[in-house]
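Comments concern the structure below.
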Amino acid sequence: MDNRPSRHRPVRIRSSRCEPSGQRRLSIREIGGALVRIGLLTEGGYPYVSGDARLWCDRLVRGLEQHEFDIYALSRSERQEDEGWIPLPPQVSRVRTAPLWMAEDTGVVYGRRARRRFAECYGELATVLCSGSGMDASGSSEEPSTSEADRFASTLYGLAELARDEGGLVGALRSEAAVRALERACRAPGAPRTAREARVPDLLTVAAHLESALRPLSLDWYEDDGLGAVDLCHATSGGAAALPGLLAQHFCGVPLLVTEYGVRLRTHYLTATESSPAVRALLTAFHGRLAAEAYGRASIVTPGNAHARRWQERCGADRDKLRTVYPGMDASRFADVGESPECVDPHTLVWVGRVEPAKDLVSLLHAFAEIRKEEPKTRLRIIGAPAGAEGKAYLQHCGALAAQLFPDEADGPHAVGDNPVSFEEIGGPELPTLADAYAAGAVTVLSSVVEGFPINLVEAMLCGRATVSTDVGAVVEVIGGTGLVVPPRNPRALAEACVALLRDTERRERLGAAARARALELFTVEQNITAFHGIYLEIVSRTPVRRVVLDGTGEPLPFASPAEAHVPGGWTGQGLRVVARGGPGWAVGPPVRATAPTAVTKGAS
Amino acid sequence: MSEPGDVAISSGSWDARSEEWLSTGQETRTRPDATHGDEPGARAPDHPSAPHRSSTPRRTAADPVKALMHRHRDLCERAVDPLEIAAGLEAHGVTDRTAARFRHRDVFSLAEEMYARMPRDGETPTPPAPQATSRPRADWVLLTLLPGALCTATVVGLHLTQGRPRLTVAVAGALAVAVALRAALARGPLAPRPDTTAPATAARTWTCWLLAYALLGDGLLRTALAGGPDGLPDGTPNAPWPLAIAPVLALVWACAPAAWSTYAFTARCRRKLTASRGLEDFAASVRPLLLTTFALFLCALAGLLALTSVTLEEPTAYAPTLALGSLLLLARLLTTHRFTHAPAVILTATATAQAMALATVFAARLPGCDVLAVPVQTLADTWGPASVQTLTCGTGALILLLHATRTLTRASAHAPTEEQR
């Protein structure tokens, strides 16, 4: 409810609507009312059935039906393309796809001048890559790092311009000239040790990787009727998806928004462990610089949690540009359970998740042994399917351990007993849905030693359950003060926290209610969509695409797009030809504000 | 030791709660320090959770980071960048709270210390193990022999039959050999790379033409210069338009040595690729390999030709056959290494030149066009009619050989193909 206007940034679109203050808070559909055309850039993602984060993108696109979406999707494999798309809502006006998994060598043969241009650009790129990733020198030597980043950017855009002029870059990136340029850079005097050790196969591997990473440069998306026509580009991940956004900004001045739920650079570090040190050094440098360039050029960067945010800050993202937008969960599935806390079995602990070693169920079982000493009637239900072969083995191990630690027990001498620890899966007759799983217990436990964004914890919060979790990943950030947190690998602390909650019904209920309130405020789909809606409008108002309007003879028309052009509603000047301002390389910086912000605030008041 | 209630406070206003949580969060941060810390002074003496600690034996280490480095030594040795260590540590569950135990602000600075303290000088990189080359597979080895076998069967059939059945045998044999050749070239070392966008049909057409010329061309040229031909060839060596079966049979059999030598060439190139330090080294070591491969193939072809000529009792025409064989081998080698442009051009040019030679001889019969036949006539008078094929194919082969010594010695020609689909 902190809605003091003085702290708001002067957003032209919103404030130019002069409603009385009582009507300010309208529903999502109404606020601003401006139609924004969004170029959604995905890599191996949204419209494909097997895409990453397609659920999130789908909710976003469906949630913002007043806007128009152009989807530019890079597919990751042939199988992914064959599996097709999910059904798209009508606000998606166009989908353009390009394969990242293969390159069509168009057979473009460069002339001498183009060859020289390519050799210059690529040589420069190789030199920049050999000068390190640019992230080792933190603080001490800012200046050289900045100039290196500029050199990287200029080579990147130089290659993109070459690809646009010559109609493709694939053949050149695979050519001997590229490998030679890499070799020269690696053997140069200033190159680091790892680069100097590069052998011929390493050079070939690096060249092949760069070729596949730079495939978006050869696309024909950066025309006035392509990405030049959108108001802003929204890259749904870093890395390859952000590259078209960078080029659209370079060629057409379209502002860029980068959303990362997992930092791509970090994924690269974790996955690329097989190749030789030289290959890793060069490719790491490339991905690091690309990430820094994307963060640097983006108008706004939205990490999905504080962990991603720290990585982005570390990789050079400006703190002012970072807005954490938490992933949204569908709260309606848990509404019934969350709003009826009375049907709780007070002696049951629940663990929900995918069974794998990182979840440290062994520690949970040991903690449960301690709990049983204090509260003998307690039961533990471990609910979840094993993840892969490793998970299966781990589940068996845990089952054996549970059988050893806890003998079967029965209510009386004539009843059939069973083990206080039960391993179950969702979908059976007892637990038909996920919400039932959380409803089965009074306290939800999370015992992981490694965790990213703990979705299971958010689900438990939405169910209004008191939780005890280990202090890993984004747990503390998610739980806030609405649950108990203990150090990882500390069964005794876990046990004590659980016992404290099991004994205190009132505290449990209070914590559960607080957790549900917190989750509903922070982790719902609606907050996610609202946040992105606001960010879209903010970007469009702060860095509008400035298109030069031409008159009949092709001369630029001064004052052809007055301030009213940005006001919601129909604008009559439709018939004029509009071209994006490609412009020379020096004019690439963030566009200048069309009107002074003082005029805007005056209009708002 | 822990009173969990101090971490999550469930009463009071939001602000008070969060502030309180913040302060206790600090306390949480110091707690592991006290438990596992290296020096007793780090522990607050009046900490309320002291009684529990007596039960757990305290680990004392002079240098906790060193122990951590030892635990993650693979990661530290492998890392090319502090961020790589940071990512690896996080994947092992190290958080900023853990890093605080090592007196660091966050994981990044801990990783930087680990990266900086890793001894790096003096170690030499282990030379990469040569990749295990795949054994030649039986399917393509047998397939390369199939065209030769079918061709031999056809020739035997031609000798055994007369009249109309003979024609049937000839047509069926030619078709069978063509299909077998195509199958033999579709897999194994002579197959084009999967990512080659080859203009295959043109090259295939011109290859057929070149083979047809080797079979019929010399006889046609000879009869044409003598004023013929008066009828179609009947397949006998002593007819006015004789067929040169021995060279074609040798060429078809030569599929097998071509495939084997290409296989050896590719395997050795791959080994050189792993071993060489620079691109110049690689080029210098591949050039003799290429020439050796080429020479081996020529020797094999010459041997085959001698064998077939003796068996079929035909005159041995070494020069034109070897020229044609080397042209076809080089064109195929270049095509399999993604250089499709030059072979297509050269094959087209060679076939066109041969067609022109034939055409000029026939065109000279028109009134007033006698001059047209002069070059071919002179050539045939000096070196015999076979010199047309020798000259055209030889020139093409030479150009392709020069091209191949430049292009096939590049490392990028031997780059492993992409497998991700």
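The values are calculated or read from the model by the stated rules, or taken from the named source; none is laboratory data. All figures in this text were calculated on a predicted structure; none of them were measured in a lab. Methodologically, a virtual Cβ is constructed for each residue, glycine included, from the backbone with ideal geometry; neighbour enumeration extends over all protein chains shown.
Key figures for this structure:
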{"quantity": "In region A:178-192, residue farthest from residue A:277 (Cα to Cα) [restricted to those that are facing chain B (nearest Cβ under 8 Å) and aliphatic (A, V, I, L, M)]", "calculated": "A:178"}
{"quantity": "Residue in region A:193-206 that is away from chain B (no Cβ under 14 Å), in contact (Cβ under 8 Å) with a residue 24 or more places away in the chain and under 18 Å from residue A:130 (Cα atoms) present", "calculated": "no"}
{"quantity": "Residues within region A:467-493 that are more than 9 Å from every other protein chain (Cβ to nearest Cβ), farther than 15 Å from residue B:96 by Cα and hydrophobic (A, V, I, L, M, F, W, C), tallied", "calculated": "1"}
{"quantity": "Some residue of region A:327-341 being within 14 Å of chain B (Cβ to nearest Cβ), in a loop (DSSP other than H, G, I, E, B), under 18 Å from residue A:56 (Cβ atoms) and not aromatic (Phe, Trp, Tyr)", "calculated": "no"}
{"quantity": "Residue that is nearest to residue B:340 (Cα to Cα) [pool: residues in region A:75-125 that are within 11 Å of another protein chain (Cβ to nearest Cβ) and among the hydrophobic types (A, V, I, L, M, F, W, C)]", "calculated": "A:109"}
{"quantity": "The one condition in (1) among the hydrophobic types (A, V, I, L, M, F, W, C); (2) at pLDDT 90 or above; (3) in a loop (DSSP other than H, G, I, E, B) that residue B:241 fails to fulfil", "calculated": "(2)"}
{"quantity": "In region A:317-328, the residues that are surrounded by 20 or more Cβ atoms within 10 Å (Cβ to Cβ) and closer than 13 Å to residue A:293 by Cα", "calculated": "A:317"}
{"quantity": "Residue in region B:297-313 that is surrounded by 17 or more Cβ atoms within 10 Å (Cβ to Cβ), in contact (Cβ under 8 Å) with a residue 40 or more places away in the chain and within 21 Å of residue B:407 (Cβ to Cβ) present", "calculated": "yes"}
{"quantity": "Which numbered condition residue A:498 fails, given (1) free of Cβ contacts under 8 Å to residues at least 40 places away in the same chain; (2) touching a helix residue (DSSP H, G or I) at 6+ places or on another chain (Cβ under 8 Å)", "calculated": "(1)"}
{"quantity": "Residue ID - modelled with the highest pLDDT, chosen from residues in region B:186-209 that are outside any helix (DSSP H, G or I) and of a type in the set (Gly, Ala, Ser)", "calculated": "B:191"}
{"quantity": "Any chance residue A:422 is farther than 19 Å from residue A:374 by Cα, in contact (Cβ under 8 Å) with a residue 12 or more places away in the chain and touching a Gly at 6+ places or on another chain (Cβ under 8 Å)", "calculated": "no"}
{"quantity": "Unique residue being of a type in the set (Lys, Arg) and touching a Leu at 6+ places or on another chain (Cβ under 8 Å) when the list is A:289, A:264", "calculated": "A:289"}
{"quantity": "Residue match in region A:511-525 (condition: surrounded by fewer than 24 Cβ atoms within 10 Å (Cβ to Cβ) and in contact with a strand residue (DSSP E or B) (Cβ under 6 Å, 6 or more places away or on another chain))", "calculated": "yes"}
{"quantity": "Residue among B:273, B:289 that alone is at pLDDT 90 or above and either within 14 Å of chain A (Cβ to nearest Cβ) or within 30 Å of residue A:196 (Cα to Cα) (or both)", "calculated": "B:289"}
{"quantity": "Subset of region B:98-114 that is surrounded by fewer than 21 Cβ atoms within 10 Å (Cβ to Cβ) and at the interface with another protein chain (Cβ under 8 Å from one of its Cβ atoms) - its residue that is farthest from the chain's Cα centre (by Cα)", "calculated": "B:106"}
{"quantity": "Cβ-Cβ under 9 Å pairs, at least 6 apart or on other chains, region A:367-380 side assigned by TED's automatic domain parsing to the domain that holds residue A:401, far side buried (at least 17 other Cβ atoms within 10 Å of the Cβ) and acidic (Asp, Glu)", "calculated": "A:367/A:496; A:370/A:496; A:371/A:496; A:374/A:496"}
{"quantity": "Failed condition for residue A:516, given (1) in contact with a Leu (Cβ under 8 Å, 6 or more places away or on another chain); (2) among the charged types (D, E, K, R); (3) within 11 Å of chain B (Cβ to nearest Cβ)", "calculated": "(3)"}
{"quantity": "Residue match in region A:241-250 (condition: in a helix (DSSP H, G or I), within 14 Å of chain B (Cβ to nearest Cβ) and closer than 25 Å to residue A:177 by Cα)", "calculated": "no"}
{"quantity": "One residue from B:380, B:355, B:349 being over 23 Å from residue B:265 (Cα atoms) and crowded, with 21+ Cβ neighbours inside 10 Å", "calculated": "B:380"}
{"quantity": "Set A:297, A:264, A:280, A:289: member being within 11 Å of another protein chain (Cβ to nearest Cβ) and either of a type in the set (D, E, K, R) or surrounded by fewer than 24 Cβ atoms within 10 Å (Cβ to Cβ) (or both)", "calculated": "A:280"}
